[in-house]
Each structure stands twice: as structure tokens, then as C-alpha cells.
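Data first, discussion second: the structure below is written as C-alpha cells.
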Ligand code: XMP
């Protein structure tokens, strides 16, 4: 539409003016926001943009391949992939507080970008960091005037104080639906533009309790099953997103075969929303819930119970941490 193309023109001009003949790094998460931010910056400065995909070990199954394949195929952008799984796991060891997790993850992202900047020095000076920060991220991190800090989004309230990069945030005033329209205008494929939101801190804020490699593996398996069944049922466009949460510090008694189990619950959190500022819990068909529950309890060891979150936002937030 006219308004979307004028947003694109305006932002491309602003980015070109801000970066001048400099170079920029953009952290790609696989999600819509960072993909659209990167595509805008690419339009403004071409191959003086290098995208960095950080595998922090908190990703869902298949995420890394999707970025490497879909986004690069669509844009031809320069992409560097960093395996930072150990770094993040070490930094998160022993941490259970949600805000502390968010700040550690935000900081470690920046440390990885700083390392990438040093590695790219031979090409030139990468002084700018592109982020796909949206308006709701800013508001909920307490960045708007008179707003409370609900939670520190990794790319806003989670940034370290000694940040050396100059930030480029072309989506800072936009909501998700506008970002999707900008993405389509820029020619990004539907597989990227229509993706459901997934938070930068990933599965790290969906394990209630300490984040460990084993727990991540458990949650990744449960999440893959839930997503597979929701997609098979044709529900992807109906729900905004469906976080799958592992209550790692809770155990309950169950029975399987002829034995007692003492495992962890998995929470399904399907929500419907326009902009993530408010949300309603999605009334999923019982047959779909049943299939997800049966498969998760059968296929994922350590999990013996599946529960459904029926809380709207407010009073709940979408993510549990
Ligand atoms: P909440 O949990 O605040 O989530 O209701 C609102 C939306 O934001 C996503 N979310 C994040 N996205 N970095 C992100 O990129 C973050 O730190 C973050 N925290 C929450 C969440 O998935 C939902 O779509």
C-alpha cells in the first residue's frame, strides 16, 4: 500500500543518512522483526551489512537451518553463524530469576556481536548494530515515558551499559502487523513474514528454573511436537503464538505402563492477539489438545503431565518469564 511503501522509503533514507559510508552488523534471530530490519538496512547500505546468526543453544528445533536457508535465499545477504551454545549455557548456570536471565542473555548477545566485529575488522569498521526492536518491546521494557518495566526485552532493557555500538532500529515505532506489511513490501517470503513471534531469549525464558542442556533438550522435543500438531491441524494462522513451557522445578506423580513416574509438567500457552500488548487464551479444539498431550507424554521422557494455560494478558503475560 501507499503507506507501507512510504514507511519503507522513509526508513531506508533515514538508515542511509545514519550509517553514511559505514558498516553494520545485524543480529538475525530467524524471526520476522530482525529479518525485516536487516532487509531495510540492506536496501540502504547493500553489502556493507553483515548479518550474524547467534546459535545460543536456546533455539527450537530447525531454527538455524531455516535462517541459513530461507533468509539468505531471499536476500543474498552476507551471513555469519556463530556457535555460542557453551558461552550462553555457562553464563546462565545457576540462574533462576527471570530478569537476571534476560539481562544475561542480552549481554551475551552483545559480547558475541563484539567478537564478530573484531573478526570482521579486515573488511572495515563495523560500528553500527541493527536490531529489530518494535514499539511494544520498548514499552514493556519501561522505555516509554511513564511506563512500568514489565520485563526487560533482551534487545532493550537487557543491553549492557558499556555498549560500544551505535544502534540502528528502524522498526522502533512499529507494531508487528506493520512490520509484516513492510516485510512483504520488501519482497521477503511468506515463510518469514508470517512466522509466529519467538522471543530472542528463546527457550531460556521458557524453562522455569535453571537452564541446563538436558532441560533444553526436553523442552525442544515437547515444543516440536506441539508445533507439528498445531500446523497439521491448520491452526497456525489462527493463533498468535503458542509458547511451550517446562516447569523444571516442579514434579508430579504419574503412572505409565505399570510403573510410577515422577516427572515434570509441560504448559501449553496458546494465545490470540493483535499486537502482543494484550492477548486472550486461544480456545484450541479438544482433539488437538489431546493429540499434543498424548504425544508429549509418550514421546518425551521426563514429562508426565501436560497442562493448559487459560490466562489472558493481562493479568498474565504471554511468556512465563
Ligand atoms: P510478553 O511475555 O511480554 O510478550 O507478554 C510479548 C511478546 O514479546 C515476545 N517477547 C520477546 N521478544 N525479546 C523478544 O524478541 C524478548 O526479550 C521478549 N520477551 C517477550 C513474546 O514472545 C510475545 O510475542
To test your reading of the geometry: what angle, between 0 and 90 degrees and rounded to tens, separates the Cα axis of helix 32-45 from the longest principal axis of the chain? 10
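With n ≥ 4 as the cut-off for DSSP H runs, can you work out [θ] at 222 nm for the chain, using -39500 (n - 2.57) per run divided by the number of residues, rounded to the nearest 500? Working shown, then result.
On the way: 11 runs with 124 residues, N = 321.
After summing the helix terms and dividing by the residues of the chain, the value is -12000 deg cm²/dmol.
What order do you get for 305-313, 164-172, 24-32 when each peptide is scored by the mean count of other beta carbon atoms within 10 Å, highest first?
Numbers: 305-313: 15.8, 164-172: 18.6, 24-32: 23.2.
Taking the mean over residues of other Cβ atoms within 10 Å, the ranking is 24-32, 164-172, 305-313.
Quick check on the chain: of the DSSP beta bridges with both residues there, what percent are antiparallel, nearest 5%?
On the way: 12 of 37 bridges.
If I count the DSSP bridges inside the chain, around 30 percent turn out antiparallel.
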Highest first, please rank the peptides 183-192, 123-132 by the mean number of other Cβ atoms sitting within 10 Å of their residues. 123-132, 183-192
Angle in degrees between helix 213-232 and the longest Cα principal axis of the chain, rounded to the nearest 10: 90
Segment 32-94 to segment 129-202: how many Å between their Cα centroids? 15
Roughly how tilted is helix 98-119, in degrees to the nearest 10 and between 0 and 90, from the longest Cα axis of the chain? 40
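Coordinate-derived values only; no laboratory data. As the structure is a computational prediction, the values presented were derived from the model and not from experiment. Please note: Cβ atoms are built from the backbone with ideal geometry, for glycine as well, and neighbour counts cover all protein chains shown.
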